[in-house]
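The values are calculated or read from the model by the stated rules, or taken from the named source; none is laboratory data. Please read all numbers here as calculations on a predicted model, not as lab measurements. Methodologically, a virtual Cβ is constructed for each residue, glycine included, from the backbone with ideal geometry; neighbour enumeration extends over all protein chains shown.
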Amino acid sequence: AKQDGRHRYRFFSHNIEASSRARLLLERRMRDALERDAFEVFYQAKFDARSGITRGMEALIRWRDESGTFIPPAEFIPLAEKNGLIVPIGRYVLLQACRDARRLLQRGLPVCVSVNISAVQFREEPFLAMVERILDETTLPPALLELEITEGVLAHDIDAAGGILGALKALGVRVSIDDFGTGYSSLTYLKRLPIDVLKIDRSFVRDMLTDSSDAAIIEAIIRLGQALGLELVAEGVETEAQAEKLLARGCAVMQGYHFCMPMPFEQICQRLQTAMAG
Ligand code: C2E
Ligand code: CA
Ligand code: CA
Ligand code: CA
């Protein structure tokens, strides 16, 4: 094998070889993690900053490798989208999130769970049938499920996407546009498609107090959302000052480290119980 490796160096540049090897290794570890059930789902709550009312929670995948270290989604989701593993991974997250939301409901906490859906998943699988099957299987009321899609999903084939979104709407599932403002699709889809929520991307929130362009973009998104009757959620809110400014501008629902860190199910359960009691 060593001989082989040396031989191949003559044809591939060191960097390409090293990075494709790292990719293959990561891919193998991902398949292995799926088999060993090594993925977990964490949850981050969203709150109405005005009333303190819980407005839902977002499911975020976590991968703890053999040594116990977390591998961030930004490192493996893009690769999983390329090699198709996002389909079984995404199915796992959706199933787990629906199960957990159902358990919360059973404990007297009707909290809507948002699940990130990759564009690949949205297109490749008999996606709608899968969502219906999981809702049936878990007996989660569809109104307690929200799917977060990005503008890229819509840019690809707006008519096909529209058909699926219409069917989701008919089921009673909510749809939000994640990372709003960072994509490249036209805004007409907001008028044509049954969308419920715009999530203001955290890159705008991060610099809104120091960068006047970011502040202006946030204001424009809020006004657009209000004019179209959409709910608004600001993500990545880390400070009280950001929260105050967003509230003053008319965006009340917030998600971010300032309010709640992503955490395992049992912890979010306690956190939400406390929030509801208080
Ligand atoms: P996203 O959907 O925009 O999720 C929000 C990300 O921001 C999460 O990172 C979350 O932990 C982080 N975050 C939350 N509050 C704050 C804050 O106040 N400050 C900062 N700096 N960050 C905050 P995470 O969990 O590392 O996920 C990164 C991205 O990976 C997600 O971005 C999403 O695009 C993707 N992802 C995560 N889980 C899934 C999944 O189950 N399926 C798919 N398709 N994508 C996922
Ligand atoms: Ca998201
Ligand atoms: Ca986001
Ligand atoms: Ca994102």
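What residue, among those in segment 99-124 that are in a helix (DSSP H, G or I) and over 28 Å from LEU26 (Cβ atoms), is farthest from ligand 2 (Cβ to nearest atom)? Talk me through it step by step, then tell me what you get.
The initial filter retains those residues of segment 99-124 that are in a helix (DSSP H, G or I), namely 99-106, 119-124.
The next check asks that each one be over 28 Å from LEU26 (Cβ atoms); those that pass are 101-106.
On the way: ALA101: 16, ARG102: 21, ARG103: 21, LEU104: 19, LEU105: 22, GLN106: 25 Å.
Applying the filter and picking the extreme gives GLN106.
Conditions: (1) more than 16 Å from ligand 4 (Cβ to nearest atom); (2) modelled with pLDDT of 95 or more; (3) out of contact with any Pro (no Cβ under 6 Å at 6 or more places or on another chain). LEU135 meets all but one. Number of the miss?
Here LEU135 clears every test but (3).
What residue, among those in segment 174-216 that are closer than 18 Å to ILE164 by Cα and of a type in the set (Val, Ile, Thr), is nearest to ligand 1 (Cβ to nearest atom)?
Going through the qualifying residues, I end up with ILE177.
Taking segment 194-226, which residues are over 18 Å from GLY250 (Cα atoms), surrounded by fewer than 18 Cβ atoms within 10 Å (Cβ to Cβ) and under 19 Å from the mean Cα position of the chain (by Cα)?
Within segment 194-226, PRO194, SER203 meet the criteria.
Which one is surrounded by the most Cβ atoms within 10 Å (Cβ to Cβ) among residues in segment 125-140 that are assigned to a helix (DSSP H, G or I) and among the charged types (D, E, K, R)?
Our first condition is that a residue be assigned to a helix (DSSP H, G or I); within segment 125-140, this holds for 127-138.
Within this subset, residues satisfying the condition of being among the charged types (D, E, K, R) are 132-133, 136-137.
Values: GLU132: 16, ARG133: 14, ASP136: 10, GLU137: 12.
The selected residue is GLU132.
Can you list residue pairs whose Cβ atoms sit under 9 Å apart, with the first residue in segment 179-194 being without any contact (Cβ under 8 Å) to a residue 60 or more places away in the chain and the second being of a type in the set (S, T, N, Q) and within 16 Å of ligand 4 (Cβ to nearest atom)? Count only pairs 6 or more apart in sequence or on different chains.
Close Cβ pairs satisfying both conditions: ASP179/THR150; ASP179/SER203; PHE180/THR150; GLY181/SER203; THR182/THR150; THR182/SER203; GLY183/THR150.
Could you grab me the full set of residues in segment 87-124 that are among the charged types (D, E, K, R) and surrounded by fewer than 20 Cβ atoms within 10 Å (Cβ to Cβ)?
In the first step, residues of segment 87-124 are kept if they are among the charged types (D, E, K, R); the result is 91, 99-100, 102-103, 107, 123-124.
ARG91, ARG99, ARG102, ARG103, ARG107, ARG123, GLU124, listed by residue number.
For segment 248-258, what are the residues that are part of a helix (DSSP H, G or I) and buried (at least 16 other Cβ atoms within 10 Å of the Cβ)? Quick ask: steps written out before the conclusion?
Here is the first cut: in segment 248-258, the ones part of a helix (DSSP H, G or I) are 248-249.
Correct list: ARG249 only.
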